[in-house]
Amino acid sequence: MDPMQAKEESINKRSLLDVLENHAQLQSMILDLMQSVQNASSEDLMVANFKLKDAIDALGHSQREDVSPPLNLVIQGLEDFARRFSFDVSADGTVYLAPSHSSFIEIIEEAQRLSQQLKGINAVSSETLKLWQKDERFLRVPEVEDSLLSFSPLVLKTGNKDRSEQESFLSKRNMTLLSLPELAVLHVAYSVIKGEDLFQGYVLRAQESALCLSVDGLAESDPGDWTRDEDILAAAKNAAAKY
């Protein structure tokens, strides 16, 4: 085998993880970029990603040979994810996501893969993901093709209330609780695209159970229906929304 062929095979055998580990500075730049666009629209995010691609292409031949192809694939995957599920954050902070023809678990698994490739961390805890992959609620595809999930910033006003009080508070405002799968996909999408915790450190009640961000990723929590705490909020959506 000639030296050039050996070199080419060696490069091809390198995994994405190897590439990212050997270019920690560039990986840090990506994380900084994701954090810097926390208030940006999905369109702004796409522009930022393309600018990052241009920066990678300008690094030079040797780095471009090893880094650009895998990083470009990850960036392209992130762009496709945001576009395919119509991810957006409105001016008032409401988060939107359209599941399209995908099941909840398919969206979550894709976000998990992107989070691990881009940041080296889980979007959902490993144990929680295993449970959800066998849960019929997460295997379901929303019946309405143009369904739109939304997460309202009104949740910040639902602390220090038990579950029934939170439900009553939302009902008076023509809102209701998100289901557990709905809340989960909104969180993982926000996490991988914006690079932040949608819950801002709070525990969020859904129609069933509750969710919080643990050290290993998103996980279920059980604060109890009668618990009142300023850190336990209600995940609100417009009651008129069709899913």
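Here, each number is a calculation from the coordinates, and none is a lab measurement. Quick caveat, the model's predicted, so the values are computed rather than measured. Every residue, glycine as well, gets a Cβ built from its backbone with ideal geometry; the counts of neighbours run over all protein chains shown.
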Q. For region 88-238, what ratio Rg/Rh do Cα atoms give with a Kirkwood hydrodynamic radius?
A. 0.94
Q) Using the per-residue mean of other Cβ atoms lying within 10 Å as a proxy for protection, in what order, highest first, do the peptides 192-199, 181-188, 129-136 fall? A) 181-188, 192-199, 129-136
Q. Could the peptides 201-212, 92-103 be put in order, highest first, of the mean number of other beta-carbon atoms found within 10 Å of their residues?
A. 201-212, 92-103
Q. To the nearest 0.05, what FRET efficiency results for Glu230 and Ser171 with a Förster distance of 25 Å applied to their C-beta separation?
A. 0.75
Q: Step through the table entries Lys130/Lys237; Lys157/Lys194; Lys130/Lys161; Lys134/Lys157; Lys194/Lys237; Lys161/Lys237, compare each Cα-Cα distance with 29 Å, and write down the pairs that go over it.
A: Lys130/Lys161; Lys134/Lys157
Q. Rounded if a/c is under 1.5, else prolate if a/b is larger than b/c, else oblate: which is region 168-243, with a ≥ b ≥ c the root eigenvalues of its Cα gyration tensor?
A. oblate
Q. Amide H of Ser214: which non-local residues (sequence gap of 5 or more, or other chain) have their own amide H closer than 5 Å, using H built in the peptide plane?
A. Ala219
Q.
Suppose each label sits 7 Å from its Cα in the direction of the beta carbon; what would the Gln133-Asp197 distance come out to in nanometres?
A. 2.6 nm
Q: Pop out the ³J(HN,Hα) list for region 222-233 in order, Karplus 6.51 cos²θ - 1.76 cosθ + 1.60 with θ = phi - 60°, rounded to Hz; leave Gly and Pro as x.
A: 10, x, x, 5, 8, 6, 10, 7, 5, 9, 10, 10
Q: Would you grab the residues whose amide H sits under 5 Å from the one on Ser86? Only those 5+ places off in sequence or on another chain, please, with H modelled 1.01 Å from N.
A: Ala98
